[in-house]
1. Could you please find all residues in the range 107-126 being within 20 Å of Arg145 (Cα to Cα) and in contact with a Leu (Cβ under 7 Å, 6 or more places away or on another chain)?
2. Six or more apart or on different chains, Cβ atoms under 9 Å: show the pairs whose first residue is in the range 256-269 and over 11 Å from Glu185 (Cα atoms) and whose second is of a type in the set (Ser, Thr, Tyr) and surrounded by fewer than 17 Cβ atoms within 10 Å (Cβ to Cβ).
3. Tell me whether the range 200-214 contains one or more residues that are under 23 Å from the mean Cα position of the chain (by Cα), modelled with pLDDT of 95 or more and assigned by TED's automatic domain parsing to the domain that holds Asp256.
4. Mind checking which residues of the range 200-223 are in contact with a Ser or Thr (Cβ under 8 Å, 6 or more places away or on another chain) and surrounded by fewer than 14 Cβ atoms within 10 Å (Cβ to Cβ)?
5. Got a sec? Which of Arg226, Arg190, Arg166 is surrounded by fewer than 13 Cβ atoms within 10 Å (Cβ to Cβ), in contact (Cβ under 8 Å) with a residue 40 or more places away in the chain and in a helix (DSSP H, G or I)?
6. In the range 241-283, what residues are in a loop (DSSP other than H, G, I, E, B), modelled with pLDDT of 95 or more and touching a Ser or Thr at 6+ places or on another chain (Cβ under 7 Å)?
Amino acid sequence: MSESSQLVSSIEPNETHLIVLTGMSGGGKTVALRALEDLGFFCVDNLPTTLLQDLVGTVIRNDKSGQRKHIAVGIDVRNRGDDFHQVPQVMSELASAGVQVHLIFIDCRDDILIKRYSETRRKHPLSVRGLSLADAIAEERRILRPLSSLAEKVIDSSELNVHQLRRLIATGYAEATRGLTLMFESFAYRRGLPPDADFVFDARCLPNPHWDVRLRPYSGKDAPVREFLDQQPMVGEYFADTSRWLDNWLPRFEQDDRSYVTISIGCTGGRHRSVYLAEKLAAHYREQRDNVLIFHRELE
């Protein structure tokens, strides 16, 4: 047994979370892995299954924080053929050692996969076998079927864009991280309220950069708009009141064991005032806590 594997066998229960991401090529595994990285997971893509225990042991050995460890690993058909047969055994051994193991399968309809490959002009990993795209997808589905049946969660990405998939992963696994995860989201009222918002703040009363033809092409992430809004006393007052309210009430949600809270800020077009405030609030809370995410619905 390697030194890393010995470390795995001695860890405390519930201390380490390992998410194994697998699924159909083109389904969105890379997007999901990046979402977990935003949540503070140590992420590795295309790792041979035989190295999973060594990876977990190495992360445990090198971590000096004393906090729980969060690891996410991508496994797909680029791995050697016998790799998939070892996944259940390795996951079982890690779970027996006290690791919280989660297997997520990212699925997608064949017609959507074919469309995505046609649009990106990328080659399917199994095309090196001389298979057509449709046959490569069918063969991949056959190879991955055992893992799909073992998955804790199967996510169908057929009707999801990359941003929706990132949010789905983030909201689903924020509870594995330490403390409360905050998502600051900007949006346009004319496109409706975000359905998953916990708090909604209306910024339509603030001075609107849209009416300045020089500022209209920019967004709230750009310096000209930020400088304009920084100079508006009303904007400063709005930010101060909003952050003061959140400072007072977010700890109450943490005491209630909430793991994820979405704060949505809306304006008319979702490009200037709401984006500026979402960015400013996210920066404010990143100085105080980990696990602060940001999403601009109308810019993505």
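1. Ile114, His124
2. If the second residue must be of a type in the set (Ser, Thr, Tyr) and surrounded by fewer than 17 Cβ atoms within 10 Å (Cβ to Cβ), the pairs left are Cys267/Tyr189; Thr268/Tyr189; Gly269/Tyr189.
3. From the range 200-214, those under 23 Å from the mean Cα position of the chain (by Cα) are 200; that's our starting set.
If we keep only those that are modelled with pLDDT of 95 or more as well, we get 200.
Checking the rest, the ones that are also assigned by TED's automatic domain parsing to the domain that holds Asp256 come to 200.
Yes, some residue in the range 200-214 is under 23 Å from the mean Cα position of the chain (by Cα), modelled with pLDDT of 95 or more and assigned by TED's automatic domain parsing to the domain that holds Asp256.
4. If the condition is that a residue be in contact with a Ser or Thr (Cβ under 8 Å, 6 or more places away or on another chain) and surrounded by fewer than 14 Cβ atoms within 10 Å (Cβ to Cβ), then Arg204 is the only one that fits.
5. Arg190
6. Passing the criteria: Gly270, Arg271, His272.
Yes or no, residue by residue, for (1) of a type in the set (A, V, I, L, M, F, W, C); (2) modelled with pLDDT of 70 or more; (3) under 22 Å from Leu180 (Cα atoms); (4) touching a His at 6+ places or on another chain (Cβ under 7 Å):
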site: Ser2; (1), (2), (3), (4): no, no, no, no
site: Ala35; (1), (2), (3), (4): yes, yes, yes, no
site: Gly40; (1), (2), (3), (4): no, yes, yes, yes
site: Gly66; (1), (2), (3), (4): no, no, yes, no
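The values are calculated or read from the model by the stated rules, or taken from the named source; none is laboratory data. Treat the numbers as computed from the prediction; the structure is a model and nothing was measured. Every residue, glycine as well, gets a Cβ built from its backbone with ideal geometry; the counts of neighbours run over all protein chains shown.
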